[in-house]
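Notes to accompany the following structure.
The values are calculated or read from the model by the stated rules, or taken from the named source; none is laboratory data. Bear in mind the structure is a predicted one, so any value in this text is a computation, not a measurement. FYI the Cβ positions are ideal-geometry reconstructions off the backbone, even for glycines, and counts take in every protein chain you see. Surface areas here come from the heavy atoms of the whole protein model, side chains and all, with no ligands, DNA or RNA. Shrake-Rupley method; radii C 1.70, N 1.55, O 1.52, S 1.80 Å.
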Amino acid sequence: METVNNLRDKLPVSRFSKITGIQRSYIYYNRKSTARHRKSRIPENIINKVLEISGKRVTYGHRRIWAVLRNEGVKINIKTVRRIIKSRNLQLPYAKHKNRTNKRNLTKPSDINQLWETDIHYVRTYNGIYYLMAVKNCFSKRWLSYNFSRACTAKDCVKPIEDAYAIRYTNSNLNNLVLRTDNDPVYS
């Protein structure tokens with residue numbers, strides 16, 4: 001290939017391929033592969049700026065670094081910032097979400113009235129938002145009781161639970177009943 005590059009100025013590629021018997025596509029392909037080590041089009045001061053920001057703020061990824069550069073008035077593409085960080089091996093590992101609930105961690109009922117679930121749904125109407133507080137039996141997947149009201153106060157959340165208790169447990173007490181919520185901010 002060095003011979004091809006040396007004779008490129010003197011002979012056209014088509015003529016050289018006829019003389020040597022090498023296909024033109026092979027010559028062009030190898031010319032591209034040798035040309036990979038060309039000078040970067042990204043200015044050196046921008047590369048230094050990106051490396052400086054990533055050195056100061058180790059937790060910043062390419063999006064935040066790009067935002068800092070944009071706020072400083074440097075016009076650069078976000079993909080360019082990502083390419084600089086990736087080429088210098090400064091990428092952060094992907095965030096592993098902790099404290100996520102798996103289905104394996106949830107209790108599974110084996111009979112009726114072992115696990116009840118409560119949830120609040122927001123229902124939009126022409127008159128505004130109404131709240132539907134429902135209590136569901138997780139084994140039979142049926143609603144035990146519900147409350148549909150305009151306001152969502154603590155009394156409105158407790159009322160369907162009391163109604164479900166009155167329906168299911170008239171003469172007995174609650175043994176091994178688990179009440180589960182989705183930790184909605186309304187419950188706080």
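Quick check: from the Cα gyration tensor, does the stretch 37-82 come out rounded (a/c under 1.5), prolate or oblate? The shape class here is prolate.
Figure legend: label point modelled 7 angstrom from the Cα of residue 122 along Cα→Cβ; residues of the stretch 145-165 with amide N under 20 Å from it are 147-158. Placing R0 at 25 angstrom, the Cβ-Cβ distance between residue 52 and residue 98 gives a FRET efficiency of 0.20 after rounding to 0.05.
Ignoring ligands, DNA and RNA, what accessible area per residue does the stretch 102-156 give at 1.4 Å, in Å²?
Numbers: 3970 Å² over 55 residues.
Averaged over the residues of the stretch 102-156, the accessible area is 72 Å².
Residues whose amide H lies under 5 Å from that of residue 119, counting only those 5 or more places away or on a different chain, are 134; hydrogens are built 1.01 Å from N in the peptide plane. Under the simplified labelling scheme, the residue 132-residue 42 pair shows an inter-label distance of 5.2 nm, with each label point 7 Å from Cα along Cα→Cβ. Near residue 181: Cβ cut-off under 12 Å, other residues only, Lys/Arg at +1 and Asp/Glu at -1. The net charge is -2. For the stretch 129-149, the residues whose amide N sits under 17 Å from a probe point set 7 Å from the Cα of residue 163 along the beta carbon direction are 130-137, 142-149. Phi angles across the stretch 131-147 convert, under the Karplus curve 6.51 cos²θ - 1.76 cosθ + 1.60 with θ = phi - 60°, into 3J(HN,Hα) values of 10, 10, 9, 10, 10, 10, 7, 6, 6, 8, 6, 10, 6, 8, 7, 8, 9 Hz, Gly and Pro given as x.
If the segment from residue 83 to residue 29 were pulled out straight at 0.36 nm per residue, it would be longer than the present Cα-Cα gap by 17.0 nm.
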